[in-house]
Each structure stands twice: as structure tokens, then as C-alpha cells.
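> Once you've had a glance at the structure underneath, I'll fire off some questions.
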Amino acid sequence: MTTIPEEKDQLDFPTLVLHAGITVFGLAAWLTGEWAGDYKTLTYAGFELHRFLGMGLSIFIALRLLYGVWGPDQVRWSNLIPLDLKAWLASMREDLQSLLKRELPDRPRFWGIKGAVQLFGLLVFSWMALTGSLLFTYLHPGRKAHGVLHVLKELHEIGETLIPIFLALHLTGVLLDALWGRKKWRRVVFLEK
């Protein structure tokens, strides 16, 4: 099993800020999603709030996508996207076997189950940012969504199911890390080095 010393696995400050922005705006937009349905009426304050929060998420996602190109090695897309799919799947199988033995796998950031969960989360929030940005641009309050806009709205609403799945997986991983005495969560929550 490949391991990275914990001091080399630490996230830099911009990555922590991007994570915080995606967390705050992503969760707030998700929690106000039900209010967005009032776009069909003339009083659409819930829609505007959801729209504002969603655009905040879109900005942080765009910055994270760019940072994955120009940021430090440990957060680059070349480390996140599995080029050797067979080895990546084998690392996930090894992780599952370790967890069944009540051992916490120690892997590089984007490998194994941790990497799959992180990639899933970035894909879900990127999907929500993309579809939400298109709705922000083309959906006008006081009018119903028809045709392509209706399909886009339905595709955007897939996130109502995917976000809780991601949160359950991600928070389970954080809890397991904490139970095994790792302090990675403290660095993310308190923006510690």
C-alpha cells in the first residue's frame, strides 16, 4: 500500500479556502433548493436567494477547476483523475478489505475510496454549478420552464439526491479519520496548517 507522510499530505491554504467556499455555498444552495420553485410566481425571493448562493458555488467551483491545473501537485487533476483505472480500482478493493478488518487505509490523497469520494463530490458540485449557471442565465422569474429549460431544470434537480449521498460518504470518511486519531479534519475546519 502506498503511503504519503502526513506532513506531505497537508493541504495548502488556497485549497482549504476553496474547500470552505464550496462547502458553504454548496450546502447553502442545496438547503435553499426547495425555495427556488417560487420562480414561477411574481414573488420570487427564494429563487433569488438560491440563485445567488448557486452562483457563489459556481465561482468557487470554477476557481477549484483552475487551481487543479495551476495549483500545487497534490491538488492537480493529474493526481485526481485515475489514468491507471485497474490500479485505482485495486486500491479501492484493498481499502474495503482494510476497513472490513477495522483498519483505516493510508493512501495518497486521491487514491482508493478517499479519492473516489472526492472525485464524486467534485463531479456532483461541478454538475450543479454548470446546470445552475445555465438556469441562472436563461430561466426568468415569473415564467414556467418549457422545453430545453424544463429538461435542464430536471437534470439540475438530480443533485437533490446526489449531494446527500456524497455528504454521507464524505462525513463517514471524516469520522473514521477522527476515530483513528488523524487530525486532517481539524486542518480543514479550522484552516490550520
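The values are calculated or read from the model by the stated rules, or taken from the named source; none is laboratory data. For clarity, every value in this text was computed on a predicted model and none was experimentally measured. In this analysis, Cβ positions are derived from the backbone assuming ideal geometry, glycine residues included, and neighbour counts consider all displayed protein chains.
> Just a yes or no: is a residue in region 66-77 surrounded by fewer than 16 Cβ atoms within 10 Å (Cβ to Cβ), touching a helix residue (DSSP H, G or I) at 6+ places or on another chain (Cβ under 7 Å), on the phi < 0 side of the Ramachandran plot and not in a helix (DSSP H, G or I)?
Checked region 66-77: at least one residue is surrounded by fewer than 16 Cβ atoms within 10 Å (Cβ to Cβ), touching a helix residue (DSSP H, G or I) at 6+ places or on another chain (Cβ under 7 Å), on the phi < 0 side of the Ramachandran plot and not in a helix (DSSP H, G or I).
> Give region 126-149 a look and list any residue that's of a type in the set (A, V, I, L, M) and touching a Ser or Thr at 6+ places or on another chain (Cβ under 9 Å), or say none.
To start, the set of residues in region 126-149 that are of a type in the set (A, V, I, L, M) comprises 128-130, 134-135, 139, 145, 148-149.
Correct list: MET128, ALA129, LEU130.
> Of the numbered conditions (1) part of a helix (DSSP H, G or I); (2) under 19 Å from the mean Cα position of the chain (by Cα); (3) at pLDDT below 90, ALA62 satisfies every one except a single condition; which is it?
With (1) part of a helix (DSSP H, G or I); (2) under 19 Å from the mean Cα position of the chain (by Cα); (3) at pLDDT below 90 applied to ALA62, the lone miss is (3).
> Is one or more of the residues making up region 146-153 buried (at least 17 other Cβ atoms within 10 Å of the Cβ), at pLDDT 85 or above and in contact with a helix residue (DSSP H, G or I) (Cβ under 8 Å, 6 or more places away or on another chain)? Spell out how you get there, then give the answer.
Residues of region 146-153 that are buried (at least 17 other Cβ atoms within 10 Å of the Cβ), as a first pass: 152-153.
Next, only the ones that are at pLDDT 85 or above stay: 152-153.
Now drop any that are not in contact with a helix residue (DSSP H, G or I) (Cβ under 8 Å, 6 or more places away or on another chain), which leaves 152-153.
Within region 146-153 (the criterion being buried (at least 17 other Cβ atoms within 10 Å of the Cβ), at pLDDT 85 or above and in contact with a helix residue (DSSP H, G or I) (Cβ under 8 Å, 6 or more places away or on another chain)), the answer is yes, since at least one residue qualifies.
> Within region 145-159, which residues are β-branched (Val, Ile, Thr) and in a helix (DSSP H, G or I)?
Restricting attention to region 145-159, the residues satisfying the condition of being β-branched (Val, Ile, Thr) are 148, 151, 158.
Hits for region 145-159 are VAL148, VAL151.
> Going by the structure shown, is ALA36 crowded, with 17+ Cβ neighbours inside 10 Å, farther than 26 Å from LEU99 by Cβ, aliphatic (A, V, I, L, M) and modelled with pLDDT of 80 or more?
Numbers: crowded, with 17+ Cβ neighbours inside 10 Å: yes; farther than 26 Å from LEU99 by Cβ: yes; aliphatic (A, V, I, L, M): yes; modelled with pLDDT of 80 or more: no.
No: the conditions fail for ALA36.
> Additional query: Is region 100-119 home to any residue that is on the phi > 0 side of the Ramachandran plot and touching a residue at least 12 places away in the same chain (Cβ under 8 Å)?
Within region 100-119, the first condition is being on the phi > 0 side of the Ramachandran plot, and the residues that meet it are 102, 112.
With touching a residue at least 12 places away in the same chain (Cβ under 8 Å) added as a condition, the list becomes 112.
Yes, the conditions are met somewhere in region 100-119.
> A further question on this structure: Take the residues of region 110-144 that are of a type in the set (D, E, K, R) and outside any helix (DSSP H, G or I): which is farthest from ARG93 (Cα to Cα)? Working first, answer last.
Quick first cut of region 110-144, residues of a type in the set (D, E, K, R) only: 114, 143-144.
Adding the requirement that they be outside any helix (DSSP H, G or I) leaves 143-144.
Values: ARG143: 49, LYS144: 47 Å.
Ranking the candidates gives ARG143 first.
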